Amino acid sequence: MSTTRTICLKCSSDQLRWLTLRKGRIPVDVLQCPSCGTANAEEDWMPPLRPLQVGRCWNCMNRREIDQCSNCGLTKQEDVQVHDELRSIVDPTLSHLDAARQASRNGRRLLALKLATAAAASNESGQGEVARALRIWLLSAIGEADHALEDAKAWVEGTQDPSAIAWASYGQQLQASNMTGAAADAYEKALKKNPKQNNIRARRAQLLLELRRGGQAQDEAIRVLSQDGVDEQSVAIASMVAEKLCDHFESEYRDAEISRLLDYSRDYVERSPVLLAHRARLLASEGDLASARRDLKRARRLNPELEIFERVERAMKPSRGSWWRW
Ligand SMILES: [Zn+2]
Ligand SMILES: [Zn+2]
């Protein structure tokens, strides 16, 4: 049973919260008081860092000799029992995977890692892949980026035909390790398996832009922004790519490309002051001053200070020096 304290032993604050810290090289879940900083409880479960392999010890991912782990000494039965107890700490009515998600939301990421690992290793309710992706994300979240990358790599390399989620997970760890080209390739493989992953497509667009593959970045950004009902985060990433592309096209006097990009992303243009400003500039140069003013006003409401506003205003003024002003 869990006997977690709820009142700070030093200052009596009732706002205690869990977070995962590192003590030297070891991750620890700490129940910390935000008022006085006192650690009210610490849990240093053994982190299962090694790449996941079916049949290995869930507790530490080392080899079992017949029935007993050669490293931590747990028998298979004890291993299962330990992870059931960990699940009960969170909520005995939840599966290991749901308990892992709950623990992660509560800030107990080391505990979450233990639970996700058990769910992945046992392929609980056929959700082993989802659990493994969560496990890899948690490894990275507790400061074990190398082990996260190692597990993701082992996953795609050790599987006959890796799934979309495996490639996406590997791509995310490659991206986190600044292996930009390899990450873009892994995302491409993930998208071939499942083209509906908007977030992965938006991230790929961002990587392609970093790799100076502007044409491909544009294609991917358009594929995200030309759909209805895309989630906020994916829209934000794809819009940022579109903004940078518009800035770039403007510097090369390629207004037709800007117009095309804005047209495809019209459902989302009004969320971005930069895209609004680009549209205002194009509208002004086409002579539609009323619409240009409307877009500029909307853009200013989102961000009062952008360099491009000056250029929009210049486009809105009748050209100086033209013959009719004399
Ligand atoms: Zn306190
Ligand atoms: Zn073990």
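The values are calculated or read from the model by the stated rules, or taken from the named source; none is laboratory data. What you see is a predicted model; the values in this text were computed from it and never measured. Methodologically, a virtual Cβ is constructed for each residue, glycine included, from the backbone with ideal geometry; neighbour enumeration extends over all protein chains shown. Ligands, DNA and RNA are stripped out before the accessible areas are found, and what is left, the full protein with its side chains, is counted by its heavy atoms. Shrake-Rupley method; radii C 1.70, N 1.55, O 1.52, S 1.80 Å.
Pick from P51, P47: which is under 28 Å from the mean Cα position of the chain (by Cα), more than 12 Å from ligand 2 (Cβ to nearest atom) and at negative phi?
P51
So is R63 touching a Lys or Arg at 6+ places or on another chain (Cβ under 8 Å), under 28 Å from S169 (Cα atoms), open to solvent by 80 Å² or more (accessible area, probe 1.4 Å) and within 16 Å of ligand 2 (Cβ to nearest atom) or not?
For R63, the condition - touching a Lys or Arg at 6+ places or on another chain (Cβ under 8 Å), under 28 Å from S169 (Cα atoms), open to solvent by 80 Å² or more (accessible area, probe 1.4 Å) and within 16 Å of ligand 2 (Cβ to nearest atom) - is met.
When segment 23-33 is examined, which residues are found to be modelled with pLDDT of 95 or more and of a type outside the set (V, I, T)?
P27, D29, L31, Q32, C33
Between G55, G24, G107, which is more than 16 Å from ligand 1 (Cβ to nearest atom) and over 23 Å from V130 (Cβ atoms)?
Exactly one of G55, G24, G107 is more than 16 Å from ligand 1 (Cβ to nearest atom) and over 23 Å from V130 (Cβ atoms), namely G24.
Does segment 136-155 include one or more residues that are among the β-branched types (V, I, T), under 14 Å from the mean Cα position of the chain (by Cα) and surrounded by 20 or more Cβ atoms within 10 Å (Cβ to Cβ)?
yes
Quick check on A100: is it among the aliphatic types (A, V, I, L, M) and over 23 Å from K193 (Cα atoms)?
For A100, the condition - among the aliphatic types (A, V, I, L, M) and over 23 Å from K193 (Cα atoms) - is met.
Has segment 176-184 got any residue that is open to solvent by 30 Å² or more (accessible area, probe 1.4 Å) and farther than 27 Å from R223 by Cβ?
No, segment 176-184 contains no residue that is open to solvent by 30 Å² or more (accessible area, probe 1.4 Å) and farther than 27 Å from R223 by Cβ.
State which residue is surrounded by the most Cβ atoms within 10 Å (Cβ to Cβ) when the search covers only segment 85-101 and only residues that are over 28 Å from T159 (Cβ atoms) and without any contact (Cβ under 8 Å) to a residue 40 or more places away in the chain.
By that ranking, first place goes to V90.
Scan (1) open to solvent by 40 Å² or more (accessible area, probe 1.4 Å); (2) touching a strand residue (DSSP E or B) at 6+ places or on another chain (Cβ under 9 Å); (3) away from ligand 2 (no atom under 16 Å from the Cβ); (4) more than 26 Å from K153 (Cα to Cα) for the single condition R109 breaks and write down its number.
For R109, the failing item is (4).
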